[in-house]
Structure formats: structure tokens, C-alpha cells
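To keep things clear, I will list the structure first and then write my remarks on it.
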Amino acid sequence: MSETALSEKHCVPCEGGISPLTREEAERYLKKIAPEWTLTPDAKELRKDFKFKGFQGTMFFVNAVAWIAQQEGHHPDLEVGYNHCLARFTTHAIGGLSENDFICAAKVDKLITKK
């Protein structure tokens, strides 16, 4: 039986009370998403800078990410510029990463994946 792809899973509400992923656990999840995602040096945040041809594409992307975040109940920090959007995921309630961060990252990647 194959493992469910992260992009097919749904976030589980997190109100704290669990430990964040260790660096080793986060690195295992990192292998399951697009290679452009990186961990911060302390392994408490997942980030990727998405590039676009202009402002309109960036804003379409930002709105789509906001829709995913609302559906999943898990919200990234977004830094938006004219032709890029830096998406940063962390689970604030636990001060580090959880599976939810990787689920949302995988869903965000599906927005721009060419088939």
C-alpha cells in the first residue's frame, strides 16, 4: 500500500501540546516536496521564494495560497513583491514545524506545477 501524497492530506488543527518536528524528521518530509523548499538553519521554518513575470501573476498566486490556507486552517507568512512571493510555513502554536507545514507546501506547489 502506498503512502498518501502530502498534497492529498488535510491539516489537523494544532493548538500546541505537541513537540515540533526534529531536524531529522523535517528533512525526511522535505524530501517529499519540491526541491526548492528549504529549512531555516534552526529547522523551525520551511520557505520557498516563488518567482513570477509581474505583479498580476504574483497576486493571482497570493490569492490562491490564501484560499488553500483558509481551507486547511493553516496559514503561511507571505512576503510579497512585484514579481515574487516568499512563502514561509511554521506551526506557531508549537514554535516549529509540523506535518501541516509540509502538507500546505505540497498543496501550494500544485498551484504552479506544469503537467
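The values are calculated or read from the model by the stated rules, or taken from the named source; none is laboratory data. If you're wondering where the values come from, they're calculated on a predicted model, not measured in any experiment. We place every Cβ from the backbone using ideal geometry, glycine too, and count neighbours over all the protein chains shown. Side chains included, ligands, DNA and RNA excluded: accessible areas come from the protein's heavy atoms. Shrake-Rupley method; radii C 1.70, N 1.55, O 1.52, S 1.80 Å.
Which residue out of Lys9, Lys48, Lys53 is open to solvent by 80 Å² or more (accessible area, probe 1.4 Å) and at negative phi?
Values: Lys9 fails: open to solvent by 80 Å² or more (accessible area, probe 1.4 Å); Lys48 fails: open to solvent by 80 Å² or more (accessible area, probe 1.4 Å).
On inspection, the qualifying residue turns out to be Lys53.
Could you check the stretch 65-79 and list, in sequence order, the residues that are of a type in the set (Gly, Ala, Ser), open to solvent by 30 Å² or more (accessible area, probe 1.4 Å) and part of a helix (DSSP H, G or I)? Lay out the reasoning, then the answer.
Let us first name the residues in the stretch 65-79 that are of a type in the set (Gly, Ala, Ser), namely 66, 69, 73.
Now narrow it down to the ones that are open to solvent by 30 Å² or more (accessible area, probe 1.4 Å): 66, 73.
Across the stretch 65-79, the qualifying residue is only Ala66.
Within the stretch 27-42, being in a loop (DSSP other than H, G, I, E, B), free of Cβ contacts under 8 Å to residues at least 60 places away in the same chain and not hydroxyl-bearing (Ser, Thr, Tyr) holds for Lys31, Pro35, Glu36, Pro41, Asp42.
Taking into account only those residues within the stretch 83-94 that are open to solvent by less than 50 Å² (accessible area, probe 1.4 Å) and over 12 Å from the mean Cα position of the chain (by Cα), which is farthest from Lys9 (Cα to Cα)?
Just the residues of the stretch 83-94 that are open to solvent by less than 50 Å² (accessible area, probe 1.4 Å), to begin with: 85-87, 89-91, 94.
Imposing the further condition that a residue be over 12 Å from the mean Cα position of the chain (by Cα) reduces the set to 85, 94.
Numbers: Cys85: 24, Ile94: 20 Å.
So the residue we want is Cys85.
Within the stretch 80-115, the set of residues being within 13 Å of Gly16 (Cα to Cα), of a type in the set (Gly, Ala, Ser) and not in a loop (DSSP other than H, G, I, E, B) comprises Ala93, Gly96. Of all residues in the stretch 56-82, those that are within 13 Å of Val12 (Cα to Cα) have Cβ atoms under 9 Å from Cβ atoms of residues that are surrounded by 15 or more Cβ atoms within 10 Å (Cβ to Cβ) and of a type in the set (S, T, N, Q), 6 or more apart or on another chain, in Glu72/Asn100; Gly73/Asn100; His74/Thr91; His74/Ser98; His74/Asn100. The single condition from (1) open to solvent by 30 Å² or more (accessible area, probe 1.4 Å); (2) more than 22 Å from Gly95 (Cα to Cα); (3) of a type in the set (Ser, Thr, Tyr) that Thr58 fails is (1).
Do the conditions hold for Leu21, that is, is it in contact with a Leu (Cβ under 6 Å, 6 or more places away or on another chain) and among the aliphatic types (A, V, I, L, M)?
Working: in contact with a Leu (Cβ under 6 Å, 6 or more places away or on another chain): yes; among the aliphatic types (A, V, I, L, M): yes.
Against the criterion (in contact with a Leu (Cβ under 6 Å, 6 or more places away or on another chain) and among the aliphatic types (A, V, I, L, M)), Leu21 qualifies.
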